[in-house]
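Heads up: the structure comes next, in structure tokens.
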Amino acid sequence: MMKKFKEFFENNSYLRTLDNPSVEVFNSTHKLQLRFDSKDILYQATYQGSENPWMSSLCFLIENKTLNDLRLFSLENWKNEFQDDQSFWDFYQETGEHLIFWPQELLRSALDIYRGKNYLYQNTSPLVCRCFGVSEEDILEHLHKEETPTLETLGQSSNAGMGCRSCVPQLKRWFLSNGQQKKERFFKEKSIADWVTEIDYLLSCFPNSLDWRMEIESFNQGIVIISFDRESSQSEEEIIGKELQRFLGAALDSDLSFFLRRARHLSKAKG
């Protein structure tokens with residue numbers, strides 16, 4: 001059923017909660033919920049957050065599509081659907097592609113999780129205090145929230161270091177004894193999902209990304225592994241790796257590190 005794009009400014013049928021979704025993902029403003037049938041066909045899509053015509057039209061366009069079709073979903077789907085709709089082109093010119101990118105990235109994140117790649121979006125912060133289950137992420141959160149954080153305030157809020165005390169030397173690394181400003185690691189201020197979607201978008205803008213068939217393999221403690229699927233020499237790989245680090249590092253957090261890794265089947269062939 002054809003729709004005019006302007007209907008998505010008024011039609012709120014996709015702005016609702018979906019019961020028992022197959023997968024859901026969210027960023028700082030919106031949540032996307034999808035429900036697949038047993039044949040991996042998407043038969044329901046909804047979102048939560050503020051009213052947004054891009055999110056509403058996304059849900060409309062992706063319903064009843066197969067998983068393979070959804071993996072290929074792009075801006076072209078919007079353009080093809082609304083090619084003769086002036087209201088779409090007017091709004092597209094007004095907002096620009098940057099406002100379309102994040103609904104697409106929410107969809108891509110949801111598909112990754114549905115396909116079993118949810119490890120990309122999990123926070124794998126290591127435990128520091130095993131007695132009370134206090135992780136590095138918990139300590140960083142305490143450092144940011146407390147006006148004058150100390151080992152004592154951390155212990156009071158989380159019991160860190162109050163058990164066997166073997167973690168105390170490690171805990172002390174997080175606190176400066178001379179009262180200087182606490183160390184900040186800016187990549188910790190966003191969720192893993194937000195970082196992955198942003199890196200994935202910027203990776204698609206990297207000049208060699210398509211030719212080298214690059215994709216994010218893992219994100220762990222500020223280290224991003226990007227796999228590539230192309231035959232290349234060691235020197236070529238080193239050159240592209242340095243260019244990738246400069247390109248992504250300049251646009252994102254300086255605390256993040258990016259490394260190239262050959263796709264598994266290429267690694268085995270080399271071996």
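For the residue pair Glu51 and Glu236, what label-to-label distance in nm results when each label sits 7 Å from Cα along the Cα-to-beta-carbon direction?
5.3
Please list, in chain and number order, the residues 5+ apart from Ser22 or on another chain whose amide H is under 5 Å from its amide H, with Hs placed from the backbone.
Sorted by chain and number, the residues that satisfy this are Leu34, Arg35, Phe36.
Checking the a/c ratio against 1.5 first, then a/b against b/c, what shape does the Cα gyration tensor give for the range 1-73? If you can, show how the numbers build up before the last one.
On the way: a/c = 1.83, a/b = 1.24, b/c = 1.47.
Oblate shape, in that a/c is at least 1.5 and b/c is the bigger or equal ratio.
As a test of the definition: which semi-axes, in Å, follow for the range 191-270 when you take the square root of five times each eigenvalue of its alpha carbon gyration tensor? Largest first, please. Before the final figure, lay out the partial values.
Values: eigenvalues 86, 36, 26 Å².
Each semi-axis is the square root of five times an eigenvalue, giving 21, 13, 11 Å.
Order of 82-88, 239-245 by packing, highest average Cβ count within 10 Å first? Walk me through the intermediate numbers first.
Details: 82-88: 14.6, 239-245: 16.4.
Per-residue mean Cβ counts within 10 Å order the peptides as 239-245, 82-88.
Just so you know, all these numbers are worked out from the coordinates, no wet-lab data involved. Quick caveat, the model's predicted, so the values are computed rather than measured. Positions of Cβ are backbone-derived with ideal geometry, glycine not excepted, and every protein chain shown enters the neighbour counts.
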